[in-house]
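What follows is a single structure, written as structure tokens, with notes after it.
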């Protein structure tokens, strides 16, 4: 359920001086965040080049680089196009710990960055009256709440990005995507269990209810509670390096380790 709004917020015009590099980076962001899912097709070349504000020659060069790296596949014919072939690697908790423990400061920074952005986005959207993009928001909520563990991370990402996108601010949407990318490797390394999805269902629903009710304070509080759970999960996960993590996104880790701060 990729919408033009989602792509346009992440694939805005690139700078002319670094067109190739920025195009590759933007397309990788869309792929890794799952905005275009594995097996799905990017928009037609003309539309994609228009979104990025680049020539079709530059776009083809960027797609060629991504194809060589194994992220996409170009197919010819009536049903051809550029298809995503990248799939998220299986969770590797040990690798996630090594990444974060090498320098814990970026994790704290990324969590604070995401908290500021996403609470603000929910507040802005709720202030607008709660009706902007109602169907999109409810659709994203239904999708993530019904997600399988295998597809949960991708649909959770799209749910959170939708809130920022629906504010109508491309700058805010791009910043929220950037914040998610900074945490992506760590979040993706943590296995997702079905009971964790059930736990976050209530939190996601509370966020949407507050936004649609036009209640900015309640929307901000609901997002705060949800993201504090994510922070507790990650900190608790890193505090117990000797034990495999079994918690999922949005729920603090339950283990014998010391409590997360």
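The values are calculated or read from the model by the stated rules, or taken from the named source; none is laboratory data. Keep in mind the model is a prediction, meaning the values are calculated, not measured. For neighbour counting, all protein chains shown are included, and Cβ atoms are generated from backbone atoms with ideal geometry for every residue, glycine included.
Yes or no, residue by residue, for (1) under 23 Å from residue 109 (Cβ atoms); (2) within 13 Å of the chain's Cα centre (by Cα); (3) not assigned by TED's automatic domain parsing to the domain that holds residue 122:
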site: 144; (1), (2), (3): no, yes, no
site: 154; (1), (2), (3): no, yes, no
site: 158; (1), (2), (3): no, yes, no
site: 166; (1), (2), (3): no, no, no
site: 182; (1), (2), (3): yes, yes, no
site: 185; (1), (2), (3): yes, yes, no
site: 194; (1), (2), (3): no, no, no
site: 229; (1), (2), (3): yes, no, no
Subject >> Leading residue by the ranking (nearest to residue 153 (Cα to Cα)) among those in the stretch 56-90 that are within 25 Å of the chain's Cα centre (by Cα) and assigned to a strand (DSSP E or B) >> reply: 84
Original post:
residue 34 fails exactly one of the following numbered conditions: (1) within 21 Å of the chain's Cα centre (by Cα); (2) in contact (Cβ under 8 Å) with a residue 12 or more places away in the chain; (3) on the phi < 0 side of the Ramachandran plot. What is the number of that condition?
Top reply: (3)
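Looking at the stretch 198-211, which of the residues that are over 16 Å from the mean Cα position of the chain (by Cα) and surrounded by 20 or more Cβ atoms within 10 Å (Cβ to Cβ) is nearest to residue 137 (Cα to Cα)? First the steps, then the outcome.
Step one: of the stretch 198-211, the residues over 16 Å from the mean Cα position of the chain (by Cα) are 198-199, 201-203, 205-211.
Add one more test, that the residue is surrounded by 20 or more Cβ atoms within 10 Å (Cβ to Cβ), and what stays is 207-208, 210-211.
Working: 207: 10, 208: 7, 210: 12, 211: 10 Å.
Applying the filter and picking the extreme gives 208.
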Original post:
Which one of 173, 213 is out of contact with any helix residue (DSSP H, G or I) (no Cβ under 7 Å at 6 or more places or on another chain) and over 30 Å from residue 94 (Cα atoms)?
Top reply: 213
**OP:** Within the stretch 171-197, track down each residue that is part of a loop (DSSP other than H, G, I, E, B) and surrounded by 18 or more Cβ atoms within 10 Å (Cβ to Cβ).
**Re:** 189, 190, 192
Original post:
Out of all the residues in the stretch 75-92, which are within 29 Å of residue 189 (Cα to Cα) and touching a strand residue (DSSP E or B) at 6+ places or on another chain (Cβ under 9 Å)?
Top reply: 82, 83, 84, 85, 86
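When the residues of the stretch 28-40 are narrowed to those that are touching a strand residue (DSSP E or B) at 6+ places or on another chain (Cβ under 8 Å) and within 16 Å of residue 52 (Cβ to Cβ), which ends up surrounded by the fewest Cβ atoms within 10 Å (Cβ to Cβ)? Outline the logic, then answer.
Within the stretch 28-40, the subset touching a strand residue (DSSP E or B) at 6+ places or on another chain (Cβ under 8 Å) is 31, 36-40.
Still in the running and within 16 Å of residue 52 (Cβ to Cβ): 31, 36.
Numbers: 31: 19, 36: 22.
Among those residues, the one meeting the criterion is 31.
Considering each residue of the stretch 103-120, count those that are part of a helix (DSSP H, G or I) and either more than 18 Å from residue 211 (Cβ to Cβ) or without any contact (Cβ under 8 Å) to a residue 40 or more places away in the chain (or both), and give that number. It would help to see each step written out before you state the result.
Going through the stretch 103-120, the residues part of a helix (DSSP H, G or I) turn out to be 105-120.
Those still in the list that are either more than 18 Å from residue 211 (Cβ to Cβ) or without any contact (Cβ under 8 Å) to a residue 40 or more places away in the chain (or both) too: 105-113, 116.
So the answer is 10.
Within the stretch 121-129, identify whether any single residue is surrounded by fewer than 14 Cβ atoms within 10 Å (Cβ to Cβ) and in a helix (DSSP H, G or I), and answer yes or no. Quick ask: steps written out before the conclusion?
First, pick out the residues of the stretch 121-129 that are surrounded by fewer than 14 Cβ atoms within 10 Å (Cβ to Cβ): 129.
With in a helix (DSSP H, G or I) added as a condition, the list becomes none.
Among the residues of the stretch 121-129, not one is surrounded by fewer than 14 Cβ atoms within 10 Å (Cβ to Cβ) and in a helix (DSSP H, G or I), which makes the answer no.
Looking only at residues that are surrounded by 20 or more Cβ atoms within 10 Å (Cβ to Cβ) and assigned to a helix (DSSP H, G or I) in the stretch 130-140, which one is nearest to the chain's Cα centre (by Cα)?
Of all residues in the stretch 130-140, those surrounded by 20 or more Cβ atoms within 10 Å (Cβ to Cβ) come to 130, 133, 137, 140.
Filter once more, keeping what is assigned to a helix (DSSP H, G or I): 137, 140.
Details: 137: 15, 140: 12 Å.
In this case the residue turns out to be 140.
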Subject >> Residue within the stretch 13-26 that is outside any helix (DSSP H, G or I), modelled with pLDDT under 90, buried (at least 16 other Cβ atoms within 10 Å of the Cβ) and not assigned by TED's automatic domain parsing to the domain that holds residue 165 present >> reply: yes
